[in-house]
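Written out below as structure tokens is the structure these notes cover.
The values are calculated or read from the model by the stated rules, or taken from the named source; none is laboratory data. Quick caveat, the model's predicted, so the values are computed rather than measured. As a convention, Cβ positions derive from the backbone with ideal geometry for all residues, glycine included, and neighbour counts pool all protein chains shown.
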Amino acid sequence: MPRKSEKTKILDFIVDNCEDQIADVNDADDAAVDDILDCSMEEVIIILQCRRGIEKFIPKSITWRLDVLSELDDTRLKQMLRVDRFQFTHLVGLIKTDEVFNRLHSCKQFSIELQVAVVLYRLGAYGENASIRKIASIFGIGDGSTIGVITERVFKAFQRLERKIIFWPDYAERNLIVSQTFNELPYCIGYVDGTEIALAEAPVHNHTTYFSKNRRYSIKAQVVCDHKCRIRHIVVGHVGSAHDAKVYKTCALFLEESKFFSGFQWLAGDSAYPISKTLITPYRSNSKQLDIEKRNEFNRRHSKYRVRIIKLFWVVKREIW
């Protein structure tokens, strides 16, 4: 009989332990069974992706994260994680009760604080600083699939908060926005623009489509903000080479406009967008509508208030990206 490898023994133990835990669960408790299976699957993935032998093990230290990270001042913490300590504590507080961190049969996890710190550092890193091995060494954690599992957990927790934080104004709020900004751009309820989120490295598949006009690999983000610079709608995921007009024409704001606009309501966008009943751009230089003074006056007012979305991007990129 062939001798079992250490990896096979560990996998057998995980499977046996999973079966024992399921056997102890009430037959009607499907949620508990799902938790056990999810936890066991995470452990299996980690073991299967571990390809290094003992002789190639790279020692790591938890000293930095325990003795240094917790003592950094706001300036240095922001350099590492893109947020100050108050913001970091707030982010942890938003997701600490999420089920992904508090499953009854969940496997032992790192602290929520450490998991959020790892993800924030990873999101703010670029190039060599974004490598899995470097992040693992900095935080003293495994460089197999551990970082991927941590990232997935944190993303799931924040994604469940999306509808509470980013939501489109309802009929009453849209009318309120119109009344508050009527002297600026009548019936305008928001400002739309696109930006890029740089990728740390070229994607494996169809990488050329992610190469943008700014000569970097990225994905597109289309954002709508209101007059208070609050994000009200966002679309993320188009390849970096996609044109703003294409992104808009495939989103719900264009395809299902009756759900988002009423009466004469519209969004202000730049000349890259297609003009429509619900999206108005500046007059082009070769336009023959109205006279030139009225066109220029409209364009000045349009630019004066549409700049709010530009300011929003500037703040977000300065703080996070």
With the first residue restricted to the range 7-19 and required to be of a type in the set (Lys, Arg), and the second required to be at pLDDT below 75 and not in a helix (DSSP H, G or I), Cβ contacts under 8 Å at 6 or more apart or on different chains are Lys7/Cys50
Check whether at least one residue in the range 187-201 is within 17 Å of Thr278 (Cα to Cα) and not in a strand (DSSP E or B), and report yes or no.
yes
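Conditions (1) out of contact with any Phe, Trp or Tyr (no Cβ under 9 Å at 6 or more places or on another chain); (2) more than 24 Å from Asp38 (Cα to Cα), marked per residue:
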site: Asn102; (1), (2): yes, no
site: Glu113; (1), (2): no, no
site: Val116; (1), (2): no, no
site: Asn129; (1), (2): no, yes
site: Lys134; (1), (2): yes, yes
site: Gln180; (1), (2): yes, yes
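Kindly evaluate Val236 against the criterion of being on the phi < 0 side of the Ramachandran plot, touching a residue at least 24 places away in the same chain (Cβ under 8 Å) and part of a helix (DSSP H, G or I). Can you show your working first?
Numbers: on the phi < 0 side of the Ramachandran plot: yes; touching a residue at least 24 places away in the same chain (Cβ under 8 Å): yes; part of a helix (DSSP H, G or I): no.
So Val236 fails the test.
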Check whether at least one residue in the range 121-133 is buried (at least 18 other Cβ atoms within 10 Å of the Cβ) and part of a loop (DSSP other than H, G, I, E, B), and report yes or no.
no
Would you pick out the residues in the range 254-278 that are without any contact (Cβ under 8 Å) to a residue 40 or more places away in the chain and either in a strand (DSSP E or B) or not aromatic (Phe, Trp, Tyr) (or both)?
Leu255, Glu256, Glu257, Ser258, Lys259, Ser271, Pro274, Ile275, Ser276, Lys277, Thr278
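Which of the residues spanning the range 63-91 are hydrophobic (A, V, I, L, M, F, W, C), buried (at least 16 other Cβ atoms within 10 Å of the Cβ) and assigned to a helix (DSSP H, G or I)?
We begin by selecting, within the range 63-91, every residue hydrophobic (A, V, I, L, M, F, W, C); these are 64, 66, 68-69, 72, 77, 80-81, 83, 86, 88, 91.
Of the ones still in play, those that are also buried (at least 16 other Cβ atoms within 10 Å of the Cβ) are 69, 77, 80-81, 83, 88, 91.
Answer for the range 63-91, where residues must be hydrophobic (A, V, I, L, M, F, W, C), buried (at least 16 other Cβ atoms within 10 Å of the Cβ) and assigned to a helix (DSSP H, G or I): Leu69, Leu77, Met80, Leu81, Phe88, Leu91.
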Inside the range 235-270, can you point out the residues that are buried (at least 18 other Cβ atoms within 10 Å of the Cβ) and of a type in the set (Ser, Thr, Tyr)?
Tyr248
Report yes if some residue within the range 159-176 is of a type in the set (A, V, I, L, M, F, W, C), under 17 Å from Lys96 (Cβ atoms) and either surrounded by 18 or more Cβ atoms within 10 Å (Cβ to Cβ) or at pLDDT 95 or above (or both); otherwise report no.
no
